[in-house]
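Please read the structure below before turning to the comments.
Bear in mind these aren't lab numbers, they're just calculated from the coordinates by the rules spelled out. None of these values were measured; they are calculated from a predicted model. Cβ: placed from backbone, ideal geometry, glycine included. Neighbour counts: every protein chain shown.
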Amino acid sequence: MLEGDGDPQMLTGLGSCVTESIDLSSVFAQDLSVSGSFDVRSLDKTWFGKLLMSLPVPAFLVDAFCRVTFCNEAWQRLGISPSEIQGQSFLEFLENAEAAEAYETFIASVFSDRKSRQKEENLHIRTKVIPTRIYYRSVRLRENRVILGLVENLSQQRRQLLLMKRIEQAKVSWERTFDAVPDLIAITDRQRRIVRLNRATADRIRISYSEALGRPCYQILHGANEPPAFCPWGKTISDGVQTATGYLNENLSGYFEETISPMRNALGNVVGSVLVCRDVSESKRLEDAMNYHATHDDLTGVFNRRQTMELLETACRGSARYNHPLSACICDLDKFKSVNDCYGHLAGDALLVMFVNALKHELRAADIAGRYGGDEFIVVFPETPMNGAVESLERVRQRLASMLAKTEWKSVGVTCSAGVAERTDKCATASNLVREADNALLAAKQAGRDRIVTAVS
């Protein structure tokens, strides 16, 4: 006779998670009896034994001494055959002596109160340690009472939990890294809408992630109602290539270098973009300062000699290509040395700055002025014939005279002399133009200074 004892709902719901769709709750739902006499040695021939043998999960019976009196074929799923388990003490498969002692106490309590229970154990099967959850139920076979155990292998569940934990740790690590980057980073979808911002972006714009979510990136980054004309975002999305640009962002008060990279899904389709903006304002300032000092005269602010000659050479090529007029002149300050000798070099420096101010006041924006050396300057007049250049220089000479009349140096008699040359087929290069203008300047000096002389064609 076999009977079910204790709580009949012990395994309710166990079927789906332990027995892979076989619901054992009906087996223990009520007292069950089987006609005929049998003992554990012939259990596998009974309907109950056949049921246990058909289970896809390991099942076993243990007596009061924790000896395995029956086990099914499903133990092979744990890497051990039933013959290696049956007749052995279940304590041999536990982790250590402490676990074995606790197990003996546990089995005794199940025998005593006959209530359904579950217990997690690490079973040592050969060289493997298998985490399990075992569901226990007290049953009676003829005169003897035994414990039925159904084993749930937790290895996959533990692996899934470990995987989920690692995924969560990776997510947290990624978010921390994402927020630790000092560059401004924004992730957008294909409609330019913000999907994610890092902390540096939110702090710089003074906006929360929730406030930025779903809004167009140009509103957030540029404070504009439409994308800026220079933005290469469209090319990144349409062509699937990384693009880069640099720009002055007035909304963020800085100069930024921006890289836009396509973001793809598992199929390789572009689904959005990653915008990385680096504030290079200080680097840009230093770069501009270096470029300025490399191309300009520190005292007067006009181009230095090297830069002026490069610009003049470029202007000569353009004039020759399009057959447009081009004139150039060299001018200097008469009696400049006397100002230095009488009033000192600081006064001489002030005189040079005064002359440059006269040039800037009378020259056009397209005209080019540069310091040739000492008190000599080169002025380039694009799209201008010689007579036009002479008219401009005459205005400069007169303005300088009026400015000098208000200084303490007026008694020195400082004036301006200039020599002008026009580009021709015979005088086509920058060096030729300078040579011709220099000869004309020498002629102006020899003619008595304070005048403008043109080169002889």
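Summary of computed values
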quantity	calculated
Extreme residue, positive dipole direction of the chain, given options Phe377, Ser109, Ser327 (C-beta unit charges)	Ser327
The range 296-454: C-alpha gyration tensor shape, a/c 1.5 cut-off, then a/b vs b/c	prolate
CD proxy at 222 nm, helix term only [per DSSP H run n ≥ 4: -39500 (n - 2.57); per residue of the chain; nearest 500]	-12000 deg cm²/dmol
Charge-dipole axis of the chain as Lys and Arg at +1 and Asp and Glu at -1 on Cβ define it, positive-most pick from Trp174, Phe70, Leu51	Trp174
Phi to ³J(HN,Hα) by Karplus 6.51 cos²θ - 1.76 cosθ + 1.60 over the range 265-278, Hz, x for Gly, Pro	8, 5, 8, x, 7, 6, 10, x, 8, 10, 9, 10, 10, 10
Cross-link pairs Lys335/Lys445; Lys335/Lys410; Lys335/Lys426; Lys335/Lys406; Lys410/Lys445 - those with Cα-Cα distance over 22 Å	Lys335/Lys426
Given the chain, longest segment not containing exposed loop GluC sites (Glu not before Pro) (DSSP; at most 11 other Cβ within 10 Å)	251-407
Filter on Lys171/Lys284; Lys235/Lys360; Lys115/Lys165; Lys50/Lys128; Lys165/Lys235; Lys284/Lys360 - keep pairs with C-alpha separation over 31 Å	Lys171/Lys284; Lys235/Lys360; Lys115/Lys165; Lys165/Lys235
Size of charge dipole - the chain - debye, nearest 20, with Cβ of Lys, Arg +1 and Asp, Glu -1, no other charges	540 debye
For the range 296-454, size of Cβ-based charge dipole, Lys and Arg +1, Asp and Glu -1, in debye	160 debye
Full-stretch length increase - Arg196, Ala443 - with 0.36 nm per residue and alpha-carbon distance subtracted	81.7 nm
Structure-derived semi-axes √(5λ) of the Cα gyration tensor in Å - corresponding label in [x] 48, 24, 20; [y] 37, 28, 22; [z] 103, 21, 18	[z]
Antiparallel DSSP beta bridges within the chain, percent to nearest 5	95 percent
Trypsin sites (Lys or Arg not before Pro) restricted to the range 404-457 and DSSP loop, no more than 13 other C-beta within 10 Å	Lys406, Lys426
The range 147-210 and the range 376-432: distance between their alpha carbon centers, rounded to Å	70 Å
Exposed chymotrypsin sites (Phe, Trp or Tyr not before Pro) absent - longest run of the chain, DSSP non-H/G/I/E/B, at most 15 other C-beta within 10 Å	231-457
Amide proton proximity set for Asn249, modelled H, under 5 Å, gap of 5+	Gly254, Tyr255, Phe256
